[in-house]
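*Asks:* Below is one structure. I have some questions about it.
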């Protein structure tokens, strides 16, 4: 731990110095930070050597996801998004359940030693997507806007949807393995969801009142407006966690309540929470490479490798293709939507929670598979995001809009979403056309 802070700070400085130059190239932030983590981690230089199940890793991962969930949920505006929701609704309402089912079936086949609940838990852990791992895909303006925004909104919402599913399946798996009783499992789920919702409503309402009431009277200083959503996310998590609720459910619900109440009040208040979230996300991937991915690379089996590959391909591609039936989407669009479902932050946090809870017969295999899948996704989606985005954009531009019609031929309003995605344009991807 002695050198950890200095290493992280130096990495952030070095990346800041080249961040503009590598924007739009096959080198992504997640790739850089994960690679640095592998180099300085406990199984290499040993400059970052903290316990995977320790409070440091848990606090970092939880804080990052809480900020992301609050910020994402605060932007949900069903009325203004109504015309833009056809793709994300299909991806979330049809594609996500099919992804869970496919991941579950594949896990039972690849890992015959798993109980059904362990197989389902692995599928849930690896279901959320993280658009920030392939930023060019959602920021390249030459792409069809409905496709680009569909992936963007899907990524912003699916981790919030998967949080309660994760707690339910984890409780079932723990009860089935005897780690906790059936009654305790039911109580755990009810507390996690119920108290989480309650804490989120209270925190979101309190934060929104500061903007609407105090802000409306101009009692809030300009810079302090940016602190309000950040404090709201912290309050949601801080209320839920001590009383047994899920801080992540609280953060998501709190963000939704906050956004709904203050929708047209106080101007733009999301800059600070987005920038802090981006920094914490970077640090999380450094720690992921250093203390989670690095130590398990020697434990990778053929089963783990096979599931990781299938999770990023078959488990995603087939459900997405089925969810787009009836939209008239062309094959390049189906392939593009299906391939770009990177696994990142939410999966890391779910894995850390499994590590903390323990008690499952095959939790080591579940964690190793999760880490390897995320690591493979960071590499594969990072390397392919810019070249494939350019290639798909070239295909799109080579066809007259009226000839495409359907999904590719119509435009939607730009949606500002996750930090690092959608709130600023990056340069056109270099190379690979």
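*Asks:* GNM, the chain, Cα, under 10 Å: largest mean-square fluctuation among 359, 160, 375?
*Replies:* 359
*Asks:* Sort 343, 146 by Cβ crowding within 10 Å, fewest neighbours at the top.
*Replies:* In order of increasing Cβ crowding within 10 Å: 146, 343.
*Asks:* Something else now. Between rounded, prolate and oblate, where does the chain land on the alpha carbon gyration tensor, with a ≥ b ≥ c its root eigenvalues, rounded for a/c under 1.5, else prolate if a/b exceeds b/c?
*Replies:* rounded
*Asks:* Extending each Cα 7 Å along its Cβ direction at residue 313 and residue 105, get the distance between those two points in nm, one decimal.
*Replies:* Here the modelled spin labels are 1.8 nm apart.
*Asks:* Note down the relative contact order for the chain as a percent, whole number, built from C-alpha pairs under 8 angstrom at least six residues apart.
*Replies:* 31 percent
*Asks:* May I pose another question? If R₀ is 35 angstrom, what is the calculated FRET efficiency for the pair residue 53 and residue 279, using the beta carbon separation as r and rounding to 0.05?
*Replies:* Efficiency, rounded to the nearest 0.05: 0.90.
*Asks:* Among 203, 394, 119, which one moves the most in a GNM of the chain with springs linking Cα atoms closer than 10 Å?
*Replies:* Judging by the Gaussian network model, the answer is 394.
*Asks:* Same structure, new question: In what order do 111, 336 fall by count of nearby beta-carbon atoms within 10 Å, going from fewest to most?
*Replies:* The fewest-first ordering by Cβ neighbours comes to 111, 336.
*Asks:* Based only on other Cβ atoms within 10 Å, what is the fewest-to-most ordering of 395, 302?
*Replies:* 302, 395
*Asks:* Nearest 500 deg cm²/dmol is fine: what mean residue ellipticity at 222 nm does the chain get from its DSSP H runs of n ≥ 4 alone, each adding -39,500 (n - 2.57), divided by its residue count?
*Replies:* About -21500 deg cm²/dmol.
*Asks:* May I ask for the distance between the Cα centers of region 294-350 and region 374-388, given as a whole number of Å?
*Replies:* Here the answer is 11 Å between Cα centres.
*Asks:* For the chain, set up a GNM with springs between Cα atoms under 10 Å and report which of 294, 259, 46 has the largest fluctuation.
*Replies:* 46
Any read-out appearing in this document is the output of simple, stated calculations on the displayed coordinates, not a laboratory observation. Since the model is a prediction, treat every value here as computed from it, not as a measurement. Methodologically, a virtual Cβ is constructed for each residue, glycine included, from the backbone with ideal geometry; neighbour enumeration extends over all protein chains shown.
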